[in-house]
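*Asks:* Below is the structure I would like to discuss, written out as structure tokens.
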Amino acid sequence: MKKAYKSINSFNLLVLFTFLLWLACSKDDDSGFNHPISTEVVVSSKTTDTIVYTEVNNSTVPIYISIPEGCDNPNFPAVVVMHGSDGMWSDHDINTGKMSGQNNDWRELFDQNCIIGVYVDSYSGRGTPTRRGDWEDPPKNFKISSQFIRPRDANAALALIKELKYKDGTRLVRPEDVGLVGFSDGAASVAATLFDTNAIPDGWEWNQSFGGKEYYESDGVLPPEPKPTSGFAGGIFYYGGSVGHNYFGKHPCGDEAYEKNFYQPYAPMLYQIPTEGYLTENTLCMVYLLQQKGMPVTLNLYEGVGHGFDFEDTEQSAQARASSMVWLRELLHMNQ
């Protein structure tokens with residue numbers, strides 16, 4: 001249990017971030033910055049923040065890791081966080097080493113509950129701070145796709161966090177107790193990360209539809225990674241969309257959805273959905289579809305708020321965060 005909480009030392013984090021950049025290796029990518037690639041992360045017992053890099057499909061993926069203080073745990077549960085379309089960093093600037101206010105809010109929640117936070121930046125290493133303009137459509141969208149690129153980022157973060165250890169070799173993370181949380185585009189990434197690839201129909205040709213045009217693997221659409229042997233314990237989906245440009249088959253609200261939309265998760269999911277969100281209708285269709293199929297999904301609806309309500313100062317936001325922590329504590333075996 002937590003004994004005390006101390007705030008982030010932003011100066012030390014910035015020094016560490018600058019040092020990591022200075023140590024950069026020679027590999028180039030389209031992001032414009034070089035980087036050291038980590039296969040494992042070794043920290044001291046006093047470390048509370050670090051930024052590391054992993055490589056996914058020849059692109060750099062920065063990962064901010066927060067470690068709670070004042071906990072008597074021999075090891076920790078962890079939660080991987082997938083940011084929304086506005087990116088992960090304060091003022092859209094990775095060079096500050098400072099996350100956005102929403103991410104810092106969740107970092108504090110995790111610290112208070114003795115959870116390691118793992119924040120995955122899917123955009124900066126691929127040449128954009130946000131998913132705006134040209135990045136919403138092919139071909140650029142395929143570089144940051146929430147259906148087939150960002151799940152690879154999440155799985156890479158999962159593999160990396162399992163190797164997080166102290167200098168004496170003690171591992172920090174309980175490998176079976178790692179969850180996912182995502183917001184908007186990051187929520188779609190959570191769903192795709194948890195996709196059970198055993199559900200893929202025989203002979204399926206991977207494709208997506210943008211503006212009435214079909215794109216296939218020859219255009220840059222990738223198949224999902226195989227279902228991991230030891231994956232995430234489950235995930236929380238905040239106000240994302242569930243159509244996925246028809247990546248998983250027919251539209252979830254369509255007449256043929258039950259037979260021809262094959263999405264299903266391999267782990268439990270909690271859907272945190274606002275009644276006024278512009279993506280709510282198709283996601284509710286997906287939730288009801290999954291419930292009909294007996295999938296382990298839970299739905300919470302929040303009246304009177306819309307897309308992005310998590311970072312609003314409202315009663316609904318506070319309720320959703322509280323219920324998320326209750327769900328995570330059960331999922332990650334923290335109540336035992």
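The values are calculated or read from the model by the stated rules, or taken from the named source; none is laboratory data. Computed from a predicted model, the values in this text were never measured in an experiment. So basically every Cβ, Gly included, is an ideal-geometry build from the backbone, and we count neighbours across all protein chains shown.
*Asks:* I'd like to verify a number: residues in the stretch 80-98 that are more than 19 Å from ARG132 (Cβ to Cβ), over 14 Å from the mean Cα position of the chain (by Cα) and either of a type in the set (Lys, Arg) or at pLDDT 95 or above (or both), how many?
*Replies:* Of the residues in the stretch 80-98, 1 are more than 19 Å from ARG132 (Cβ to Cβ), over 14 Å from the mean Cα position of the chain (by Cα) and either of a type in the set (Lys, Arg) or at pLDDT 95 or above (or both).
The rows are residues; the columns are (1) charged (D, E, K, R); (2) farther than 21 Å from THR193 by Cβ; (3) at pLDDT below 95; (4) not in a loop (DSSP other than H, G, I, E, B).
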position: GLN208; (1), (2), (3), (4): no, no, no, yes
position: SER218; (1), (2), (3), (4): no, yes, no, yes
position: VAL221; (1), (2), (3), (4): no, no, no, no
position: PRO224; (1), (2), (3), (4): no, no, no, no
position: THR229; (1), (2), (3), (4): no, no, yes, no
position: ILE236; (1), (2), (3), (4): no, no, no, yes
position: GLY241; (1), (2), (3), (4): no, no, no, no
position: HIS245; (1), (2), (3), (4): no, no, no, yes
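*Asks:* Condition check: in contact with a His (Cβ under 8 Å, 6 or more places away or on another chain), of a type outside the set (Asp, Glu), surrounded by 13 or more Cβ atoms within 10 Å (Cβ to Cβ) and closer than 16 Å to LEU279 by Cα. Does VAL243 satisfy that?
*Replies:* So VAL243 passes the test.
*Asks:* How do the strands (runs of 3 or more DSSP E) wholly within the stretch 30-143 filter down when requiring 1 or more residues that are hydroxyl-bearing (Ser, Thr, Tyr): which remain?
*Replies:* Hits in the stretch 30-143: 49-56, 59-66, 116-120.
*Asks:* Can you tell which of TYR216, TYR263 is out of contact with any Lys or Arg (no Cβ under 7 Å at 6 or more places or on another chain), buried (at least 18 other Cβ atoms within 10 Å of the Cβ) and among the aromatic types (Phe, Trp, Tyr)?
*Replies:* TYR263
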